[in-house]
1. Give the stretch 46-66 a look and list any residue that's touching a residue at least 60 places away in the same chain (Cβ under 8 Å) and either within 16 Å of the ligand (Cβ to nearest atom) or in a loop (DSSP other than H, G, I, E, B) (or both), or say none.
2. Here's a check for you: in the stretch 2-45, which residue that is of a type in the set (K, R) and within 16 Å of the ligand (Cβ to nearest atom) is surrounded by the most Cβ atoms within 10 Å (Cβ to Cβ)?
3. If the Cβ limit is 7 Å and pairs must be 6+ apart or interchain, which residue in the stretch 194-223 that is closer than 17 Å to S7 by Cα and among the hydroxyl-bearing types (S, T, Y) pairs with which residue that is in a helix (DSSP H, G or I) and modelled with pLDDT of 95 or more?
4. Provide a single number: the residues in the stretch 87-99 that are away from the ligand (no atom under 14 Å from the Cβ) and touching a strand residue (DSSP E or B) at 6+ places or on another chain (Cβ under 8 Å).
5. Kindly establish whether A84 is touching a Leu at 6+ places or on another chain (Cβ under 9 Å), on the phi < 0 side of the Ramachandran plot, within 14 Å of the ligand (Cβ to nearest atom) and not in a loop (DSSP other than H, G, I, E, B).
6. Could you check the stretch 116-143 and list, in sequence order, the residues that are within 12 Å of the ligand (Cβ to nearest atom) and in contact with a Pro (Cβ under 7 Å, 6 or more places away or on another chain)?
7. Please go through the stretch 84-107 and pick out each residue that is over 27 Å from A15 (Cα atoms) and out of contact with any Asp or Glu (no Cβ under 9 Å at 6 or more places or on another chain).
8. Can you tell me which of A16, A84 is free of Cβ contacts under 8 Å to residues at least 40 places away in the same chain and either farther than 30 Å from R180 by Cβ or touching a Lys or Arg at 6+ places or on another chain (Cβ under 6 Å) (or both)?
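The values are calculated or read from the model by the stated rules, or taken from the named source; none is laboratory data. In this text the structure is predicted, and so the values were computed from the model without any measurement. Counting neighbours? That spans all protein chains shown, and the Cβs are built from the backbone with ideal geometry, glycine included.
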Amino acid sequence: MPNPALSIVEDAPRAARVVADLLENVIRSRPDAVLALPTGRTPLRLYDELAERNRVGRIDFHRVRTFNLDEWVGANRDSAGSYARFMDEHFFSRVNLQPRNCQIPDGSRSDLGAECARYERLIREAGGIDLAILGIGRNGHIGFNEPGTPFDSRTHVVEVTAETRLANRWSFPDGRVPTRAMTVGIGTILDARQIVLLATGGAKANVLRCLLEDPIDPSFPASALRLHPCVHLVADSLAAARLAQPAADSGRSPR
Ligand code: F6R
């Protein structure tokens with residue numbers, strides 16, 4: 001069973017820089033790389049770092065193509081709390097990505113099944129994902145693949161758990177978090193050629209321990225990552241606090 005490479009670094013800003021380095025290398029070797037991107041609190045520093053590297057000419061996103069992992073059902077670019085709006089605000093508007101190269105599932109479509117199929121097709125037509133950057137939910141979800149999602153799932157509509165809705169309340173000013181979302185599947189994620197999972201803060205300590213130590217099982221979606229040959233976990237010391245040998249700045253066994 002492949003073991004993920006693991007980098008444990010001192011703090012969240014450093015973790016963002018490690019992930020930015022990995023991404024920079026991918027884009028350097030493939031300027032039209034296809035990325036899968038997360039939203040949420042965790043990647044905010046990463047997007048700041050990438051925007052800065054783009055500003056100083058260190059990373060060129062001109063030919064890069066991006067696919068977001070998920071979107072709320074009912075959301076469009078203008079809705080408060082939508083991931084499209086999040087990405088515009090925190091990343092797309094700050095770098096030289098071409099808008100036509102940035103895809104997000106359209107949660108406002110009436111035929112959601114057709115939209116899921118269209119999204120999978122777009123990823124396929126782009127040649128697949130070179131690098132998927134993930135966060136992780138406290139119940140082990142990746143994208144919005146909640147516990148119980150089959151490992152071979154493709155883009156689909158999910159009922160979001162109460163726990164995950166609560167964790168996302170901060171991004172909805174009226175506190176009304178949608179009950180459903182669209183997400184790429186675990187199978188879609190596992191097809192990526194390379195996967196980086198970023199986890200920071202003490203709230204992720206338990207889930208990170210489960211990710212590395214619990215059995216591989218759909219009841220813990222992120223455990224699927226241990227089936228992938230090229231996964232790199234990047235954690236700060238708080239998120240790594242419950243791992244067997246936490247050591248700040250260790251950079252433990254990156255491949
Ligand atoms: C969001 C996504 C989710 C988040 C996860 C962690 O696009 O893919 O899996 O990564 O819910 O969210 P934060 O970073 O807010 O703790």
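1. L46
2. Only one residue tops the list, namely R45.
3. T200/A12; T200/A15
4. Selection size over the stretch 87-99: 2.
5. Working: touching a Leu at 6+ places or on another chain (Cβ under 9 Å): no; on the phi < 0 side of the Ramachandran plot: yes; within 14 Å of the ligand (Cβ to nearest atom): yes; not in a loop (DSSP other than H, G, I, E, B): yes.
Judged against the criteria, A84 is not a match.
6. Once the filter is applied, which keeps residues that are within 12 Å of the ligand (Cβ to nearest atom) and in contact with a Pro (Cβ under 7 Å, 6 or more places away or on another chain), the stretch 116-143 yields I133, L134, G135, N139, G140, H141, I142.
7. Residues satisfying the conditions are P99, R100.
8. A84
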